[in-house]
Amino acid sequence: MKNKIIAVLLMIGTLSSCSDFLELSPEHLINNNSFYKNQNDFERALLGAYSNIRGLYSNSAAIYAAELTSDNAEIHWSSPSVDEMQFEQNSLTSTNGTVRGIWNTCLYTISRCNTILSRIEGVSFDETVKNKIIGETKFLRAFSYFYLVRLYGGAPVTDQEFTSPGQINATDLSLKPAADVYQVILSDLTSAESLLPTALNSDKTKASQATVKALLGKVHLTMRNYEQAAAKLKEVIDVNQYSLVPSYGSLFSAGNNNRAESILEIQFVRGMNLGNNFSALFTPAITSMAIFPNNLQGSGRITPTLSLLNAYEPGDARKAVSVRDSVALINGGRTYARHALKFVDWNAIALSDGSVTFTVLRYADVLLMYAEALNELGQTTAALPYINQVRQRAALPALTGLSQSQLRLALERERRVEFAFEGHRWFDLLRTGRAREVINAFYTSQNLNFSVAEYELLFPIPLAEIELNPALVQNPGH
């Protein structure tokens, strides 16, 4: 019964996230007037905020944004949409539906968080529980702003709960510069860190204190605050709450909930319209293949590039459980067809309804980010053991004697194969300043006649949102 209640609440939250950021409706006002009265109301509201973030990962949005834009993925589908082709070619326009969907999902989450935070202080219940709700809510708001600022270069910033059009009109909702958004992110995460208990949350779909520390480390690394990043990431390592699981493949297959390596994850439920579409997204669009029950056909929308397959070193144990270059056919044969294996529900009877958990943050990321921070601080020798922990699990030899520049490239390659199809590649290349060089070199190697211009490192602000909010100004070049 409990699982059914959670599933229903998640479904309600997912449906709500389709609303525009500025939309107000009588139903919304009525619900708020009768809600937020006790601890249970706030716990349910927090669950709804988590469900919005889930929307980034239950369909193709996060994968299009961070994988299809990169050298990791391409489309092998006969009828891709204009929006999909724009991601593959890094030629996004302000009318792209997925670009608007990501924008709205993040801002709607922020709006929900603002409502929780504006109401909770006026309601009396257990202070420990209240602090935990506030901490998780601030984490989710920071997570959403971090997603926005990296993709769009800025975001409207507000901590207000809007209850009337007049309030909206009186509020400055212009696009704030990245520096201002990052200060909000750091403030929320620092506050969340102080409010959440130190004990590990056994439910990895919810943020614990170490979850906040891990995201803080990633934010500082992105801002190139290397000392702060190293300090915060080392705290995650030193709490000894996480470890690399021995079997890399087990991170991405059925039963992967709440693994020792998971720091933050999105769980899915098959058969209740609460699944994910990775089983369709990552597998070939071949009608005669025999890899699913009832011989279902994938979509071929996220296909590993040959460049990615060649990025794995000989003997890398991750390759066989991450990517494959052929599929079994109904007639017993095989045909060449590159495809990804992570997060695919091989027992799905509807490929848009998979049940495999998606891991947003995991311990391997912390180890590699810590190595990156140390290397940027000139501590290259001290950084090597942390990348080597990840390589050891992959059955690869330890790296030794690398220079700072050599370790930079080694980390770039390691992260590419370690986190392929987990929504990291584009963000990694943006953070290191290598996006244009790497992606344009990839296009050239494929004899493709398009490239990434400097202005295309930022997504366009959705045109429909500019029309709704005239205070927004389009990113230059778009």
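The table below gives the values:
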{"read-out": "Filter pass, Pro246 being surrounded by fewer than 18 Cβ atoms within 10 Å (Cβ to Cβ) and either farther than 22 Å from Leu429 by Cβ or assigned by TED's automatic domain parsing to the domain that holds Glu412 (or both)", "value": "yes"}
{"read-out": "Residue in the range 176-186 that is over 20 Å from the mean Cα position of the chain (by Cα), buried (at least 18 other Cβ atoms within 10 Å of the Cβ) and not assigned by TED's automatic domain parsing to the domain that holds Tyr242 present", "value": "yes"}
{"read-out": "Residue in the range 461-477 that is within 22 Å of the chain's Cα centre (by Cα) and in a loop (DSSP other than H, G, I, E, B) present", "value": "yes"}
{"read-out": "Any pair with Cβ under 6 angstrom, 6 or more apart, that starts in the range 195-210 at a residue that is at pLDDT 95 or above and among the small types (Gly, Ala, Ser) and ends at one that is buried (at least 19 other Cβ atoms within 10 Å of the Cβ) and not in a loop (DSSP other than H, G, I, E, B)", "value": "Ala207/Glu136; Ala207/Phe139; Ala210/Val236"}
{"read-out": "Condition met for Ser322 (modelled with pLDDT of 95 or more and under 21 Å from Ser352 (Cα atoms))", "value": "yes"}
{"read-out": "Count of the range 358-395 residues which are in contact (Cβ under 8 Å) with a residue 60 or more places away in the chain and of a type in the set (Lys, Arg)", "value": "2"}
{"read-out": "Some residue of the range 182-189 being closer than 20 Å to Gln241 by Cβ and at pLDDT 95 or above", "value": "yes"}
{"read-out": "Residue count for the range 358-399, restricted to those that are more than 27 Å from Ala66 (Cα to Cα) and part of a helix (DSSP H, G or I)", "value": "4"}
{"read-out": "Residues (under 18 Å from Tyr108 (Cα atoms) and either in a strand (DSSP E or B) or free of Cβ contacts under 8 Å to residues at least 12 places away in the same chain (or both)) located in the range 137-173", "value": "Gly154, Ala155, Gln167, Asn169"}
{"read-out": "Verdict on Ser279 being farther than 22 Å from Ser262 by Cβ, of a type in the set (Gly, Ala, Ser) and under 25 Å from the mean Cα position of the chain (by Cα)", "value": "no"}
{"read-out": "Residue ranges of strands (runs of 3 or more DSSP E) in the range 242-357 with at least 2 members without any contact (Cβ under 8 Å) to a residue 24 or more places away in the chain", "value": "323-328, 334-340"}
{"read-out": "Any chance Ala207 is within 16 Å of the chain's Cα centre (by Cα), buried (at least 23 other Cβ atoms within 10 Å of the Cβ) and not in a helix (DSSP H, G or I)", "value": "yes"}
{"read-out": "In the range 400-437, the residues that are part of a loop (DSSP other than H, G, I, E, B) and either under 29 Å from Ser279 (Cα atoms) or assigned by TED's automatic domain parsing to the domain that holds Arg362 (or both)", "value": "Thr400, Gly401, Leu402, Ser403, Phe419, Ala420, Phe421, Glu422, Gly423, His424"}
{"read-out": "Of all residues in the range 187-204 being of a type in the set (Asp, Glu) and surrounded by 18 or more Cβ atoms within 10 Å (Cβ to Cβ), the one that is farthest from the chain's Cα centre (by Cα)", "value": "Glu193"}
{"read-out": "Residue in the range 129-136 that is closer than 22 Å to Leu56 by Cβ, modelled with pLDDT of 95 or more, touching a Gly at 6+ places or on another chain (Cβ under 7 Å) and in a helix (DSSP H, G or I) present", "value": "no"}
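To keep it simple, each residue is scored yes or no on (1) touching a Ser or Thr at 6+ places or on another chain (Cβ under 9 Å); (2) closer than 16 Å to Cys113 by Cβ.
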| site | (1), (2) |
| --- | --- |
| Gly153 | no, no |
| Gly166 | no, no |
| Ala178 | no, no |
| Val184 | no, yes |
| Asn201 | yes, no |
| Lys206 | no, yes |
| Gln209 | yes, no |
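The values are calculated or read from the model by the stated rules, or taken from the named source; none is laboratory data. From a predicted model like this one, the values you see are computed outputs, not experimental measurements. In this analysis, Cβ positions are derived from the backbone assuming ideal geometry, glycine residues included, and neighbour counts consider all displayed protein chains.
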